[in-house]
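The values are calculated or read from the model by the stated rules, or taken from the named source; none is laboratory data. Quantities reported herein were computed from a predicted structural model and do not represent experimental measurements. Neighbour counts are summed over all protein chains in view; Cβ atoms, including those assigned to glycine, are modelled from backbone coordinates with ideal geometry.
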Amino acid sequence: MKFEYFLLPVFIQVVSAQLFAVEPQASYVVREGDSLTLECRTNEPVSLCGWKLETPELLADGSAVTGFLMSSIPEGLGITAKTPGSDTDCTIEINQVMSRHNGKYICAPFTSGGQKEATPAELIIAQKPVTVEFSGAQAGQFSLTVSADEPVNVTCEARDARPKAELRWFLAERELFEGVTVANDEDPGSKLVTTRSTLLHQFGRSDDGQKLRCEARHQGYAEDDLREVMLDVMVRYAPFRAEGSDIGTLYGYTAEQDGTVTVNFTANPPPTVMVWSVGDDVQLDDGSQSEDGRFRTSTLQEVDPAQHQYASTLTLSPVKLEDQDLPISLRVANVVGEQVLTLRLGTGAPPPPPPTPEGNQADDAGSDTADTPAADQTHVGMSGGAIAGIIIALLVLLLIIAVVAFGRSRGKWCFAAGGGSGGGARKEWRAHMDSEAGDPTREGHDNPGHEQKAPEDASEPHANGNGKTPTDTPV
């Protein structure tokens, strides 16, 4: 028995699917004034075409209509049959959609087996949000003042929309996704939905002056409808120096001459406290001087108020050599917080940078390239061009050695095997001539009158043209 009950819904769905050739889609979202067609056609003739409705306010007086037959559609519904009198086409048309048409429509024709129902179609008449606005602490505000140290909640809502609206957050042109939570509240009677989106975000110093936008998206909007609200962001933060609080040693001062130190910083709102300290004995507020008049401080200087950039100056009249040993600091504070900036003075030019250890120079070359002038960059080892030059020089040297060895082994050029002595060269010549004399194939063997002249030995003294022996000839 339980098995039969389990199969009954499946059987009904199969029969319904076989009956309907075309069914309405599950949902339609249209705007007021649009036209709409709900198609419903059967595979076989039916007795009557009918529709079941769940429309709470379909009639002009606001009363509900539960259904109708195609042959007798009540007047005032704004609904007509597409093909009157057809026994297979139960399609209906709404020529001008109105808000009261919102609801569910079910094609339900009568057959010999009873009334059959197609898949319900929900008709949603898009109604744009009545308002899009900030709520909570930001309700009715045009600016948002936040701290760079603490996150803040901002809530935006789109009221009474159908279907629900989509709310999105933007900071300038950048969309924000993190820290967003959404809640929807639907009115049971009108089915209108109020959507609330809350952004939890921590703004940074760079966000100051940007615009925070809440943008609503909905099918019911026309092109000229107001779809967003915005706040001007004002970020408050303690004084800070982007390069760090430790300024380091400032060189270029000359003893017994006046010198000034100017420190730039950023703060919002402007600082209310600026105190210079020189060593342990001198502390000066802005716009004051020491008892001996050697130290003076300026009032707050506005460098770029729009960017919240300020400066303060300390004047030394004159600079002393002992000032190099004194720590100098500037304490800057506003209602958000404070920062202490430290520095020292140095006379003359700055000392040269310490040499880089050879063991670390190669490792540090890649990381320091961007911050080191090209002229100061050194590298351990040799470049590819230097290595190639050394290899070529070695090859040339080996070639020279090979040529010298070849000349000495063959007795060519000035590299005789006898070591260059005149007697040795003459003995070799005589041995050569004797070998030629004993060789019948040599030229001159059959010619006894042919005279071979011994070569002159440059290493042995000989007579010149006047019959004298030279004494200045290089040996």
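Points to keep in mind about this one:
- Residue list for segment 54-74, filter: in a loop (DSSP other than H, G, I, E, B) and at pLDDT 85 or above: 73, 74
- Residue in segment 181-192 that is among the basic types (Lys, Arg) and outside any loop (DSSP other than H, G, I, E, B) present: no
- Among the residues of segment 194-215, those that are at pLDDT 95 or above, polar (S, T, N, Q) and more than 14 Å from residue 143 (Cα to Cα) comprise 194, 195, 197, 198, 202.
- Verdict on residue 386 being hydrophobic (A, V, I, L, M, F, W, C), in a helix (DSSP H, G or I) and at pLDDT below 80: yes
- Among residues that are surrounded by 18 or more Cβ atoms within 10 Å (Cβ to Cβ) and hydrophobic (A, V, I, L, M, F, W, C), residue 152 is not included.
Yes or no, residue by residue, for (1) over 28 Å from residue 206 (Cβ atoms); (2) without any contact (Cβ under 8 Å) to a residue 24 or more places away in the chain; (3) of a type in the set (Asp, Glu):
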position: 259; (1), (2), (3): yes, no, no
position: 267; (1), (2), (3): no, no, no
position: 272; (1), (2), (3): no, no, no
position: 276; (1), (2), (3): yes, no, no
position: 287; (1), (2), (3): yes, yes, no
position: 294; (1), (2), (3): yes, no, no
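- Number of the condition not met by residue 280 [criteria: (1) at pLDDT 95 or above; (2) not in a strand (DSSP E or B)]: (1)
- Extreme residue, nearest to the chain's Cα centre (by Cα), among residues of segment 84-99 that are over 11 Å from residue 49 (Cα atoms) and either surrounded by 19 or more Cβ atoms within 10 Å (Cβ to Cβ) or free of Cβ contacts under 8 Å to residues at least 24 places away in the same chain (or both): 97
- Members of segment 35-52 that are surrounded by 14 or more Cβ atoms within 10 Å (Cβ to Cβ) and either in a loop (DSSP other than H, G, I, E, B) or of a type outside the set (Val, Ile, Thr) (or both): 36, 38, 39, 40, 41, 46, 48, 49, 50, 51, 52
- Any hit, segment 216-236, residues being at pLDDT below 95, closer than 30 Å to residue 263 by Cβ and under 25 Å from the mean Cα position of the chain (by Cα): no
- Matching residues in segment 126-173 - criterion: being more than 30 Å from residue 102 (Cα to Cα), assigned to a loop (DSSP other than H, G, I, E, B) and of a type in the set (A, V, I, L, M, F, W, C): 139, 142, 148, 172
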